[in-house]
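Asker: First, the structure itself, so that you have it in front of you.
The values are calculated or read from the model by the stated rules, or taken from the named source; none is laboratory data. Bear in mind that the values here come from a model prediction, so they are computed numbers and not experimental data. Note: ideal-geometry Cβ built from the backbone for every residue, glycine included; neighbour counts use all protein chains shown. Just so you know, the surface numbers come from the protein's heavy atoms only, side chains and all, with ligands and any DNA or RNA stripped out. Shrake-Rupley method; radii C 1.70, N 1.55, O 1.52, S 1.80 Å.
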Amino acid sequence: MSVPLYLGSNQVVNGNPGTFFLYGYAFLPPVAGQPYLPFLATWDATPGGQSGVCIFRAITLTFSCTNGYNITLTPLVDGVALASQSFNSVAAGEQKLEHQFIARGSRISALAQWNTLPGGFRIRDFTHTSGVLRSFPK
Amino acid sequence: MTLQTTSFGPFTRGVIDSANPAVEMTGALRHAREFYMAGMQELAVRPGLLQLLPVLLLDDQTARQPVTTVVYIGPFQSGAVVIGYSSITQKTYLYYFSDPTFQSGYLTVGPIWTGMSVAPDVQVAEGLGELYIAHTLAADQNGLYWNTAFWDGVSTFTGGAQLPPLLVNGTYVNGIPTAGTDVAYFLGVIAFETALWGWGYGSGNTAANGFRPELIKFSPPDFGLFQGTDSITLGDEVRSIRQRVLGGALAGEALVLAGTEFVTRITGFGRNSWYKQPVDRSYGAVGPKAICSVGDAVYYWSPRGLMRIQGAPASTASYQLPRAEVLFDSTVATAAAQVNPEKTILVFDPDRDQVLVFYDAGRGVRQFLAYDTRRNVYLGPDSDIGFVVYCANTVRPVINSAGTPGIGPSGPPSNLQTSAITTGGATATWTNADPLANTIISLSQSLINGGAPFVYQIVPAGTTTVTFSGLIPGTYSWTAQASRNGQVSAIVGPTTATMFTTLGTLAQLPPPTNVVATVQPGSPNPIIGITWMNSDPSAFTAIFINGGFLVQVGQGLASYVTQTTDRGTIGITCQAVADGFRPSVLSAVASVTIP
């Protein structure tokens, strides 16, 4: 059984103030015109240690969705954003998006930005692919 | 060189927005906007849309206009109440919804307060089906402004009338609370352990005595009348605005009250056992709505961020103090970005196991972050909501059995008559309002000590008479009540038509014998000892001194001792009495001379 959560406001809707709302109703912005786009940012991973040297080749987001997706993946190596890649499909179900690139550095993190929100999403994993050229003991 | 694929996750640590990158952060996210934790540590996108409820709350102008702000939403009885504020009329109004999903119409109860220039921060409590309403603008060191209001759950107020005030500060008379005459100006109220608690008001009608921000008062059990003696002081400084109580919430067995500089836990089960324990004297809460209850814990938003207090410590020893847990280390950056912290709202979303923290992020951005109370992780902050949230609350629907009650009796019996009185009985007759209802006939006997009614017979439907028989001589009365499908009507009777005295004569008890009285010195008066023999061991004994009734002693007893102020020769007699018998004649007089 769902327990509804309500919010009270001074928001004017259709010319009427003093409105109140049922929260979390559908995969749309809270109020028309407001942005409501999921976003994930990871912390840095250091496969070779903080001062190690690595080759980074890909970041991969795996998830399931109910009504397609439109997502941009961006790798950051040593804190610097590399070129992004966008993925767009109407397919539902299990998905795996892999953004391939090549970069050399110590640290890698990743961003996933939803450009639209067509339905529900559940995140399976967010990974990076790398090789260690020189490790620094952790 | 071999390439390896490594996960940033699984994200079991939720969001940590500020950390030393050299610390191993595997399993943590730096940001997770519009996500919540589902199932076993699975990140899921949060449905964001707010459904506009199809309700316009109207003010009390001749041409009614919508209120401008909804300041409270909450459950009440089997429905819900909403409190709205109009900046046009500068009034605050109470509305009642019998449908807790807000999909149907509402009852306009009436104005609560008038002459308010800003929307109030309201706190309410429900008890015995009645509603108590207070707010944080009620009083300050300069005056008492808007009283604590009270709604009986039924009445409506129109034509300039508004909800009545809560009266407090009665006095106990022989342990019984009496009504007070002081109008309360509480800054907040809450229900705890069948008592109503209010804070911020002392006594009288001036700020000098009335404004007591550090004081809390509690009612007797079952929301009884507030008594002037029943209060607890939480702050150390008297009448210090800096140490005022802001809000409260329940945590398991405890009431947790938060002020700007402290959090105090109160446990107990009545006025003789209330026990206060200061838990946090450093952080406190930022506002009256920055505190919420989740299971056996209370969460509150301090100037640094989220904190938690369990209702009971890990040990079962209740005198041990639970700790104030710091939960804000993971959200230092988010907390630092807050503005107007006094407007922060905490609410528990049981559908997603989260405490939602609605706050003002500045530059017109109103957003929230969430703390997952089951997995102990943060998520968010989410995107701009797009408007100012004044209140947030859950209203759980009332779940009733799908079964519908059977049809009850259409009415009680009428035309009750008694006839055919005999030495041991009588005949009762009546008219049934519902021919399909049984009739419950109860009989009571008027005896020396009074007779409790008992069910004499449950008469089948359609029958309109019953005969009492086997009664010992005496006076009786009877009542009738219709019963159908487990439901009953009102009880009819006793009336003069249902009272009767049988024609029989009661047997007379034999008198006590061998009555002896002795006197001994006593202080301050002599002591008389009386003994006798009972002719009937089941009888009570009434004792008379000089013809005046002294006392009735219990069945089978054969002695009695008393002091007397009488002097000279007195006569003592005894009489046997019992239900169903005539009293005996008086025994022989026992005389005794008292010096």
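Asker: Kirkwood Rh, Cα Rg: Rg to Rh for chain B?
Answerer: Ratio value, two decimals: 1.17.
Asker: Given H placed on each backbone N at 1.01 Å, which residues far from B:I527 in sequence or on other chains put an amide H within less than 5 Å of it?
Answerer: The list, which skips near neighbours in sequence, is B:Q520, B:G522.
Asker: Which value, in debye to the nearest 20, gives the size of the charge dipole of the protein assembly as shown about its Cα centre, when Lys and Arg are +1 and Asp and Glu are -1 at the Cβ?
Answerer: So the dipole magnitude of the protein assembly as shown works out to roughly 1080 debye.
Asker: Give the interface area between chains B and A as buried accessible surface, both sides summed, probe 1.4 Å, in Å² to the nearest 100.
Answerer: Roughly 6300 Å².
Asker: Given +1 on the Cβ of Lys and Arg, -1 on the Cβ of Asp and Glu, and no further charges, what dipole in debye does chain B carry about its Cα centre, rounded to the nearest 20?
Answerer: 220
Asker: Same structure, new question: Once the Cβ-Cβ distance between A:S86 and B:E237 is put in as r, and R0 is 60 Å, what FRET efficiency do you end up with, to the nearest 0.05?
Answerer: Efficiency at R0 = 60 Å is approximately 0.50.
Asker: Could you report the accessible area of B:R366 in Å², rounded to 10, computed with a 1.4 Å probe on the protein chains as they sit in the structure?
Answerer: 60
Asker: Could you identify which residue out of A:T66, A:T127, A:T19 has the top mean-square fluctuation in a GNM of chain A using Cα springs shorter than 10 Å?
Answerer: Judging by the Gaussian network model, the answer is A:T19.
Asker: The range B:142-174 to the range B:344-395: how many Å between their Cα centroids?
Answerer: 34
Asker: Just need the relative contact order of chain B here, percent rounded to a whole number, with Cα pairs under 8 Å and 6+ apart.
Answerer: 8
Asker: Tell me, what ³J(HN,Hα) does each residue in the range B:24-40 have, in order and in whole Hz, if you take phi through Karplus 6.51 cos²θ - 1.76 cosθ + 1.60 with θ = phi - 60° and put x for Gly and Pro?
Answerer: 4, 10, 4, x, 10, 9, 7, 9, 8, 8, 6, 10, 9, 8, 10, x, 8
Asker: B:F454: accessible area at probe 1.4 Å, nearest 10 Å²?
Answerer: The value for B:F454 is about 100 Å².
Asker: Divide by every residue of chain B the summed helix terms, -39500 (n - 2.57) for each DSSP H run of at least 4, and state the resulting mean residue ellipticity at 222 nm, rounded to the nearest 500 deg cm²/dmol.
Answerer: Dividing the helical sum by the residues of chain B leaves -500 deg cm²/dmol.
Asker: Here is a further query. Given the Cα-Cα distance of B:R567 and B:A63 and 0.36 nm per residue of separation, how much length would full extension add, in nm?
Answerer: Gain in length upon complete extension: 172.8 nm.
Asker: Turning to a different aspect of this structure: Would you mind telling me the share, in percent, of accessible area of the range B:189-322 contributed by carbon and sulfur at probe 1.4 angstrom?
Answerer: 49
Asker: Moving on. Probe radius 1.4 Å, ligands and nucleic acids ignored: give me the carbon and sulfur share of the accessible area of the range B:512-595 as a rounded percent.
Answerer: Its accessible area is 58 percent carbon and sulfur atoms.
Asker: Once the Cβ-Cβ distance between B:S117 and B:N205 is put in as r, and R0 is 25 Å, what FRET efficiency do you end up with, to the nearest 0.05?
Answerer: For B:S117 and B:N205, the calculated efficiency is 0.70.
Asker: Taking the full set of protein chains and a 1.4 angstrom probe, give the accessible area of B:I458 in square angstrom, rounded to the nearest 10.
Answerer: Rounded to the nearest 10, the figure is 100 Å².
Asker: Still on this structure: Work out which residues of the range B:374-390 lose at minimum 10 square angstrom of accessible surface when the other protein chains are put back, relative to the chain isolated, with a 1.4 angstrom probe, and list them by number.
Answerer: Buried-area filter returns B:S383, B:D384, B:I385, B:G386, B:F387, B:V388, B:V389, B:Y390.
Asker: Can you give the extra length, in nm with one decimal, that the chain gains between B:A490 and B:S535 once fully stretched, where that is 0.36 nm per residue apart less the Cα-Cα distance?
Answerer: 11.6 nm
Asker: Just to be sure I understand the model, the point goes 7 Å from the Cα along the line to the Cβ. What's the resulting B:A507 to B:M40 distance in nm?
Answerer: 8.2
Asker: Just by accessible area at a 1.4 angstrom probe, what is the order of B:I421, B:I190 from largest to smallest?
Answerer: So, going from the largest accessible area down, we get B:I421, B:I190.
Asker: Could you tally up the Lys pairs in the protein assembly as shown with alpha carbons closer than 28 Å? Skip any pair fewer than 8 positions apart unless they're on separate chains.
Answerer: The result is 9.
Asker: From the backbone phi of the range B:529-535, what are the Karplus-calculated ³J(HN,Hα) couplings (6.51 cos²θ - 1.76 cosθ + 1.60, θ = phi - 60°) in whole Hz, Gly and Pro given as x?
Answerer: Couplings: x, 10, 10, 7, 10, 7, 6 Hz.
Asker: Using θ = phi - 60° and the Karplus form 6.51 cos²θ - 1.76 cosθ + 1.60, what ³J(HN,Hα) does each residue of the range B:382-399 get, whole Hz, x for Gly and Pro?
Answerer: Ordered by residue, 3J(HN,Hα) equals 7, 5, 4, 6, x, 7, 7, 8, 8, 7, 8, 6, 9, 10, 6, x, 7, 9 Hz.
Asker: Could you do me a favour and compute the accessible area per residue for the protein assembly as shown, 1.4 Å probe, result in Å²?
Answerer: In whole numbers, the protein assembly as shown has 43 Å² accessible per residue.
Asker: Under a 5 Å amide H to amide H cut-off, with H placed in plane at 1.01 Å, what residues pair with B:S535 once short-range neighbours are removed?
Answerer: Those qualifying (amide H under 5 Å, at least 5 residues apart or on another chain) are B:T513.
Asker: Put +1 on the Cβ of every Lys and Arg and -1 on every Asp and Glu Cβ in the protein assembly as shown; which of A:I55, B:L29, A:L76 then has its Cα farthest towards the positive end of the dipole?
Answerer: Sorting the options by dipole projection puts first A:I55.
Asker: Moving to a separate point now. For the protein assembly as shown, I need the span (max minus min coordinate) of the C-alpha atoms along each principal axis, in Å, sorted largest to smallest.
Answerer: 124, 67, 60
Asker: For the pair B:A420 and B:I458, what calculated FRET efficiency results from E = 1/(1 + (r/R0)^6), where r is the Cβ-Cβ distance and R0 = 30 Å, to the nearest 0.05?
Answerer: Efficiency, from the Cβ-Cβ distance: 0.90.
Asker: How would B:M499, B:M25 line up by accessible area, probe 1.4 Å, largest first?
Answerer: In descending accessible area the options line up as B:M499, B:M25.
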